[in-house]
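*Asks:* Please see the structure below; I have some questions.
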Amino acid sequence: MSAAHYENFPVASFLLPRRLRGPVLAIYRFARTADDVADEGDASAAQRIKALDRIGRALDRAAAGRSAADDPFPGLAAAIERHALPPELFRDLLSAFRQDVGTTRYPAYADVLDYCRRSANPVGRLLLHLYGAVSPANLARSDAICTGLQLVNFWQDIAVDWCKNRVYLPQEDLARFGVAERDIAQARCDGGWRALLAFETARARALLVSGSPLPRALPWRLGLELRGVLAGGHRILDAIDAVHGDVFRHRPQLRRRDWAVVAAHALFPPRRHRAAALPA
């Protein structure tokens, strides 16, 4: 399944303890399937909502421990029960995917953050529940990382999302830097666009850095995996900055040579990727 999707981060890699790989894959399959329903293919908005409603009913059955043999998410009910995963976090994901069907513009950064709170942050929170590492400090750092990674994905995919009539750049930021939507349509990378993308990548990078103490609160292998995820996010941001925001002609992706850098930075994070330890 993951081979059919480009990801900026590993999913259930060998660094995860074997007992957690199944639950992590169950979470990934749920999120990936629902996201594809909202985003991919030629279905109408009404058809997408109907399909998401079916996924919601499958989730309700899983949360109640009564999944049917033909339910689309094998292993989800067992993961929820065995690890006491809060079903409302899965419902937050579905809420965000439903929003994707009908919402194509975001007036303010606060609106983007609210979307990230439901589209990205629940995944990190579910993983903390799996790891038995839930605490107020860890949840806050996880939210910062997940929101930062979601923003990385947005800025990486500006051209892709434009083709879906979707703009995640806050309208207030477009106005602030004198950028119009016709500039996106024309792939125009003038001074205003370069300044806008530099501003957005800096904001995403600050979120990743603010969450960077979290790996130290996790067991070593899990912390190393998370440092790899953070390094991948930073690598994409560096690639966007290197082309001065021209994500139209140079969509940044992690290629084979990048993974060596990601691995090195996971083991030895550069100083600019690290934040001072925050009080627990």
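A short reminder: the numbers here are calculations on the coordinates, not readings from a lab. These numbers come from a predicted model, not from an experiment. Quick reminder, even Gly has a Cβ in these numbers, built from the backbone with ideal geometry, and neighbours come from all protein chains shown.
*Asks:* What is the Cα coordinate range of the range 14-86 on the first, second and third principal axes, sorted by size from largest, in whole angstrom?
*Replies:* In descending order, the Cα extents are 40, 29, 22 Å.
*Asks:* Turning to a different aspect of this structure: Got a sec? Charge dipole of the range 103-280, +1 on Cβ for Lys and Arg, -1 for Asp and Glu; which of His244, Ala204, Gly228 is way out at the positive end?
*Replies:* Of the candidates, Gly228 comes out farthest on the positive side.
*Asks:* Taking the simple approach of a point 7 Å from Cα along Cα-to-Cβ for both Arg57 and Glu88, what is their distance in nm?
*Replies:* 2.5 nm
*Asks:* Relative contact order for the range 50-151: what is it in percent, counting Cα pairs under 8 Å that are at least 6 residues apart?
*Replies:* Dividing the mean separation by the residue count of the range 50-151 yields 23 percent.
*Asks:* Here is a follow-up. What is the magnitude of the charge dipole of the range 98-238 about its Cα centre, with +1 placed on the Cβ of each Lys and Arg, -1 on the Cβ of each Asp and Glu, and no other charges, expressed in debye to the nearest 20?
*Replies:* 380 debye
*Asks:* Let me ask something additional. How many nm is it between the label spots at Gln171 and Asp114, if each spot is 7 Å from the Cα in line with the beta carbon?
*Replies:* My value for the distance between the label points is 1.3 nm.
*Asks:* Can you tell me, using C-alpha contacts under 8 Å and at least 6 residues apart, the relative contact order of the range 103-280 as a whole percent?
*Replies:* Computed over the range 103-280, the figure is 26 percent.
*Asks:* Now for a different question. Given 0.36 nm per residue, what is the gain on full extension from Arg182 to Arg257 after removing their alpha carbon distance, in nm?
*Replies:* So the chain would gain 23.5 nm between Arg182 and Arg257.
*Asks:* Turning to a different aspect of this structure: Which of Val209, Val123, Val243 has the fewest other C-beta atoms within 10 Å, and how do the rest follow up to the most?
*Replies:* Going from least to most buried by this count: Val243, Val209, Val123.
*Asks:* Counting only trypsin sites (Lys or Arg not before Pro) that are in a DSSP loop and have at most 11 other C-beta atoms within 10 Å, tell me the longest site-free stretch of the chain.
*Replies:* Excluding the exposed sites themselves, the longest stretch runs over 67-248.
*Asks:* Here is a further query. Only residues of the range 22-36 count here: report those whose backbone N is under 17 Å from the spot 7 Å along Cα→Cβ of Ala43, or say none.
*Replies:* Correct set: 29-36.
*Asks:* Rounded to the nearest 0.05, what FRET efficiency do Ala264 and Arg203 give with R0 = 22 Å and r taken as the Cβ-Cβ distance? Could you check?
*Replies:* 0.30
*Asks:* Please list the helices of the chain that count as membrane-span-like by this rule: a mean Kyte-Doolittle hydropathy of at least -0.5 together with Cα atoms stretching 20 Å or more along the helix axis, each helix being a complete DSSP H run.
*Replies:* Span-like helices here: 18-39, 45-63, 87-102, 136-156, 191-210, 220-242.
*Asks:* With charges set only on the Cβ (+1 for Lys and Arg, -1 for Asp and Glu), what does the dipole of the chain come to about its Cα centre, in debye to the nearest 20?
*Replies:* The dipole of the chain has a size of about 920 debye.
*Asks:* Then there's this: Report the convex hull volume per residue for the chain, counting only C-alpha atoms, in Å³.
*Replies:* 132 Å³
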